[in-house]
């Protein structure tokens with residue numbers, strides 16, 4: 001693809017590169033950005049390459065982040081896994097003379113000078129792997145394991161509908177070219193302390209389910225403290241409730257004491273949710289989105305909007 005060549009040329013010509021991703025990072029955001037840094041340094045070891053944004057302890061196995069400094073605005077910015085300006089973490093993309101977006105979300109707005117958007121891709125990590133496999137950028141086994149982790153996490157172990165033949169083709173190439181250790185990747189992603197298992201039990205017991213099939217649970221700071229988990233851990237557990245008959249849409253509202261908002265993770269097995277999430281300061285995929293709500297009133301408004309979407313979905317399917 002021509003876009004691969006364009007991005008490679010920009011990377012090759014830039015002495016300094018800053019890589020950013022979205023706020024509240026998940027494994028795909030971290031794997032795509034940190035993995036890209038490693039690929040660039042594998043190919044061009046004399047370049048300055050930095051990955052910026054707020055850290056999260058849960059996914060520290062994916063690598064370390066760099067502290068942003070003002071002089072970095074003189075470099076090339078590459079933003080991965082982020083569709084809109086307000087969700088870019090740690091930098092102001094408007095201050096860069098040169099910038100690139102690599103993203104698999106539906107288009108919301110133009111945020112970078114050069115944009116590669118593929119909303120059929122399973123993940124930003126898949127796109128970074130595709131870029132490396134189709135240019136002179138060099139992959140190592142360690143980097144391939146990071147990208148595989150991002151793909152696995154964003155497809156929920158290849159169970160989500162946007163897993164495609166291309167996804168498996170790229171994974172096959174990673175396996176063939178790097179001999180990555182699948183067992184190691186799954187252990188890093190899914191091995192958890194017992195306190196998190198107990199916390200998952202608490203969530204299971206406290207979901208409220210509406211008549212139309214919206215399940216939601218509110219997690220306050222005292223519960224996070226009681227179980228010894230953080231807001232990111234709670235939000236990332238949302239995928240564990242995918243196969244419950246009574247819930248078409250399920251939501252976790254987790255209070256983030258640093259930002260004084262409720263971190264909101266939303267999943268769906270049919271109703272489209274990303275447009276609703278975007279109305280509450282978030283966004284994402286049609287069946288997997290996130291948002292932040294400031295108080296219980298806004299939380300209730302979001303629940304009601306999701307419940308109406310679930311009602312419409314049920315009505316349509318009953319009539320078809």
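Where does helix 165-178 land angle-wise versus the long Cα axis of the chain, in degrees 0 to 90, nearest 10? Compared with the principal axis, the helix lies near 50 degrees.
Rounded to the nearest Å, what's the spacing between the alpha carbon centres of segment 1-62 and segment 250-264? Just the number, please. Here the two parts' Cα centres lie 27 Å apart. The label-point distance for residue 9 and residue 218, in a model that sets each label 7 Å from Cα toward Cβ, rounds to 5.5 nm.
With each label modelled as a point 7 angstrom along the Cα→C-beta vector, the residue 257-residue 115 pair spans 3.9 nm. Length gained on full extension, residue 239 to residue 107, computed as 0.36 nm times the residue gap minus the Cα-Cα distance: 45.1 nm.
When peptides 20-31, 140-151 are sorted by average Cβ neighbour count within 10 Å, with the highest value leading, the order is 20-31, 140-151. The mean sequence distance of close C-alpha pairs (under 8 Å, at least 6 residues apart), as a share of the length of segment 2-189, puts its relative contact order at 23 percent.
By other beta-carbon atoms within 10 Å, ranking 216, 311, 190, 2 with the fewest at the front produces 2, 190, 311, 216. Computed from Cα atoms, the angle from the helix 124-133 axis to the main principal axis of the chain rounds to 20 degrees. Normalised by the number of residues in the chain, the average gap of Cα pairs under 8 Å and 6 or more apart makes the relative contact order 12 percent. The packing ranking of peptides 201-210, 275-284, 54-63, highest mean first, is 275-284, 54-63, 201-210, where packing means the average number of other beta carbon atoms within 10 angstrom of each residue. Subtracting the Cα-Cα distance of residue 85 and residue 46 from their residue separation scaled by 0.36 nm leaves 11.0 nm.
At a Förster radius of 51 Å, what calculated FRET efficiency corresponds to the Cβ-Cβ distance of residue 246 and residue 138, to the nearest 0.05? E between residue 246 and residue 138, to the nearest 0.05, is 0.55. Using alpha-carbon pairs under 8 Å, 6+ residues apart, how would you state the relative contact order of segment 194-319 in percent? Once normalised by length, the contact order is 21 percent.
Bridge orientation summary for the chain: considering DSSP beta bridges with both residues in this region, about 45 percent are antiparallel.
Shape class for segment 194-294: oblate, because the ratio a/c of the largest to smallest gyration tensor axis (alpha-carbon atoms, square roots of eigenvalues) is 1.5 or more and b/c is at least a/b.
Report note on the peptides 41-48, 115-122: ranked by the mean count of other C-beta atoms within 10 Å, highest first, their order is 115-122, 41-48. At an R0 of 35 angstrom, the distance between the Cβ atoms of residue 211 and residue 175 translates into a FRET efficiency of 0.15.
Seen against the Cα atoms of the chain and their longest principal axis, helix 194-206 is set at about 40 degrees.
Read-outs throughout are calculated quantities, based only on the coordinates presented, and are distinct from any laboratory measurement. All values reported here derive from a predicted model rather than from experimental measurement. We place every Cβ from the backbone using ideal geometry, glycine too, and count neighbours over all the protein chains shown.
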